[in-house]
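Below: the structure, in structure tokens.
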Amino acid sequence: KIPAFYISHIAGEGGSQGGEEPVTPPASDGQFDSELTWILGANAYDVTSQTPQKAIVNGVMVENLLKLGKSSAGGDATVSIPSGTAKIGFYAVGWNKSNGTVLTCEAGSAVENITLAANTGAAGNPDPTYEITVTDSDYYTVAIPSGVESVVLKTTGKENCRAIIFGLKAVE
């Protein structure tokens, strides 16, 4: 015997199997997508890692993000910068309940330290995904000196010095 199921024509009506219809996050409008590429360093992870890093950010799926740090150890990655770039922009959040995670951006001789706000969605392993909400205060820009072709991003802190970074773009 083959089981028969009633499938309603009304959204959210699951018929004899009950339950809600699955909700798929909308495709990205590009705001949180990274256009710059990077090379992973120590304790750095992305979509190519054994546990692929991905997140739903403000309701939008983001699969090209960078996670730096592991437990209490910081992490680093080197971001490639297109020739002539004067400034890069990105979103970055500190790990849930972290106290004072610092993201250091080294662009040639220029060094900028950013203290990241802890984000409750930055916790655990992304299985299936991190669920992060950001605001304009989580967006940062860093000046790039003339001739610099890469920026080293690294995290430091007393505990849980992990960060999630996405939306990496050349903005000037």
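Brief remarks on what is shown
- All positions within the range 28-50 that are open to solvent by 80 Å² or more (accessible area, probe 1.4 Å) and assigned to a loop (DSSP other than H, G, I, E, B): Asp29, Gln31, Glu35, Thr37, Thr48, Gln50
- Scanning the range 65-75 finds no residues that are within 17 Å of the chain's Cα centre (by Cα), more than 23 Å from Asp29 (Cβ to Cβ), outside any strand (DSSP E or B) and free of Cβ contacts under 8 Å to residues at least 24 places away in the same chain.
- Complete set of residues in the range 82-114 that are open to solvent by 50 Å² or more (accessible area, probe 1.4 Å), more than 20 Å from Phe32 (Cα to Cα) and in a strand (DSSP E or B): Glu106, Val111, Glu112, Asn113
- When residues in the range 152-163 are screened for being in a loop (DSSP other than H, G, I, E, B) and either buried (at least 16 other Cβ atoms within 10 Å of the Cβ) or within 14 Å of the chain's Cα centre (by Cα) (or both), 4 of them pass.
- Selection count, the range 65-81, where residues are out of contact with any Cys (no Cβ under 7 Å at 6 or more places or on another chain) and open to solvent by 20 Å² or more (accessible area, probe 1.4 Å): 6
- Number of positions in the range 115-151 that are open to solvent by 40 Å² or more (accessible area, probe 1.4 Å), touching a strand residue (DSSP E or B) at 6+ places or on another chain (Cβ under 6 Å) and over 18 Å from Phe32 (Cβ atoms): 5
- Among the residues of the range 53-64, those that are open to solvent by 20 Å² or more (accessible area, probe 1.4 Å) and not in a strand (DSSP E or B) comprise Lys54, Asn58, Gly59, Glu63, Asn64.
The values are calculated or read from the model by the stated rules, or taken from the named source; none is laboratory data. Note that the structure is a prediction, hence the values are computed from the model and not measured. Don't worry about glycine lacking a Cβ; one is built from the backbone with ideal geometry, like all the others, and counts go over all protein chains shown. Heads up: the accessible areas ignore ligands, DNA and RNA and are worked out on the full protein's heavy atoms, side chains in. Shrake-Rupley method; radii C 1.70, N 1.55, O 1.52, S 1.80 Å.
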